[in-house]
Amino acid sequence: MKIAILCHMHHPIAEPFQGGTEAHTAMMADELVARGHDVTLFAKAGSRTKAGLFPLVPAEFEFIRTASSLVREQQRGFLAESVHHSIEVIENDDYDVVINNSLSSLPFRYLKQQAMLTILHTPATLADVTAVVREPGWTPGDQHSFVTVSESNALAWRELLPEVGVVRNGVDLDRWRPAGSSRRVKAVWAARITPEKGLHLAIDAARLARMPLDISGPISHAAYFESEIRPRLGRGVRYVGHLSHARLPRFLSSGTVFVASPLWPEPFGLSVVEAMACGTPVAAFANGAMREIVTPESGALAADVEAAPLATAMLIAAGRDRRLVRAHAESFSLDAMVSDYEEILERLVLPDPISAP
């Protein structure tokens, strides 16, 4: 199949990835290319995958959330024009199908005649998207299909869209595997450093559990880092930087326990599965998809969204059998994820068989 993948334009699809959506896009694109598909990524310049790249936004462009309202509106307009351009290119070429991995409402409005699979990576809180699908008379295209990454995330989307399936995220189990655990008891945390990821509570919990904590991830919210995280560093808590995917397996394997502290309805939590694939059990707040991913065999859930219950979960999770943790992670494979996508894409592209008279 000739496949166009429409990405969001905030960050390039390149290592070190800014978050789970970027990592997911790269894994999916590379696997589809490996399976013989002709794939083009419509993404920010600087993206690096095995797929062809149609760059839409300069690599140096950065959306400045602290800018004035006028500047932010201009930035949103620039990004919208980039998506409009990609839609024009797709419509004028002979793509069999589009994978909509963007955060834009425009594909919902302007790609109705195109076979399209939309993967919903966020909760149903994208104002532009929800505004379009709530418009009186709006319907999806005849060859449109929608999936999201967990059952918990599907609930709200199913109130807005006619049908939303679930294809759970997967990881490359050959890449994410145990890389030798540390003899020293310690916790690890890896994600975007933003308020909704709750790192400040993870640090407080680690201190209550008397476990050192190593932290990795991009500082995506500088003000939060300066006000809540930097003052908590030291005394056994280290920020080791934004590690590449080549270094992350050893980092995750080094933990006695991985801490996931989402304060929002986490749609999935790719780093949680990556940690489990490395054999590291997980302690997590029971928000969003955490109840689906973290089992008694692979970790422990905190009873409340507070530091003390999370500390208790860390101590419980640290006693899990790392071999069973890895075995649980093997149900989240990249191969299974992409096979599910392929099945949907083929169903969208191939016409219904004509019944014999």
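Each value in this text was obtained by applying a stated rule to the coordinates, not by laboratory testing. Predicted model only: the values in this text are computed from it and were never measured. With ideal geometry, Cβ positions are generated from the backbone for all residues, glycine too; neighbour counts draw on all protein chains shown.
Can you tell me which lysines have their Cα less than 23 Å from the Cα of Lys186? Leave out same-chain residues fewer than eight positions away.
Within reach: Lys197.
Taking amide H atoms as placed 1.01 Å from N in the peptide plane, list the residues 5 or more away in sequence, or in a different chain, whose amide H sits under 5 Å from that of Val166.
Sorted by chain and number, the residues that satisfy this are Thr148.
Within the P(r) computed for the range 187-329, what percentage of the Cα pairs occupies the region above 24 Å?
That fraction is 19 percent.
Spelling out what I want: for every residue of the range 303-318, take phi, set θ = phi - 60°, compute 6.51 cos²θ - 1.76 cosθ + 1.60 (Karplus), and round to whole Hz; glycine and proline get x.
Ordered by residue, 3J(HN,Hα) equals 6, 9, 8, 8, 5, 4, x, 5, 4, 4, 4, 4, 5, 5, 4, 4 Hz.
Starting from the Cα-Cα distance between Arg177 and Trp264, subtract it from 0.36 nm times their residue separation and give me the gain in nm to one decimal.
In short, 28.5 nm is gained.
Take the alpha-carbon centre of the range 46-88, take the same for the range 172-237, and report the distance between them in whole Å.
30 Å
Note down the net charge around Ala206, summing +1 for each Lys or Arg and -1 for each Asp or Glu among other residues with Cβ under 12 Å from its Cβ.
After counting each charged neighbour, the total is +4.
Go ahead and run the numbers for FRET between Ala308 and Glu343, Cβ-Cβ distance against an R0 of 45 Å, rounding to 0.05.
The calculated FRET efficiency here is 0.50.
Determine, for Thr122, Thr40, the number of other Cβ atoms within 10 Å of each Cβ, and report the residues in order from fewest to most.
The order, fewest Cβ neighbours first, is Thr122, Thr40.
Go ahead and estimate [θ] at 222 nm for the chain from helices alone: -39,500 (n - 2.57) per DSSP H run with n ≥ 4, summed, over the residue count, rounded to 500.
Rounded to the nearest 500, the figure is -10000 deg cm²/dmol.
Starting at 0 and stepping by 10 Å, how many percent of the alpha carbon pairs of the chain end up in each bin?
Result, from short to long distances: 5, 24, 32, 24, 12, 2, 0, 0 percent.
What are the residues whose amide H is under 5 Å from the amide H of Gly255, where those residues sit 5 or more places off or on another chain and H is modelled from the backbone?
Amide H neighbours of Gly255, under 5 Å, 5+ apart: Ser182.
Quick check on the range 187-329: of the DSSP beta bridges with both residues there, what percent are antiparallel, nearest 5%?
5 percent
Counting other beta carbons within 10 Å of each Cβ, put Trp189, Trp138 in order, fewest first.
Trp138, Trp189
Pop the C-beta distance of Thr130 and Glu196 into the FRET formula with R0 = 22 Å and round what comes out to the nearest 0.05.
0.75
Using the number of other C-beta atoms within 10 angstrom as an exposure proxy, rank Ile219, Ile87 with the fewest first.
Arranged by neighbour count, lowest to highest, Ile219, Ile87 become Ile219, Ile87.
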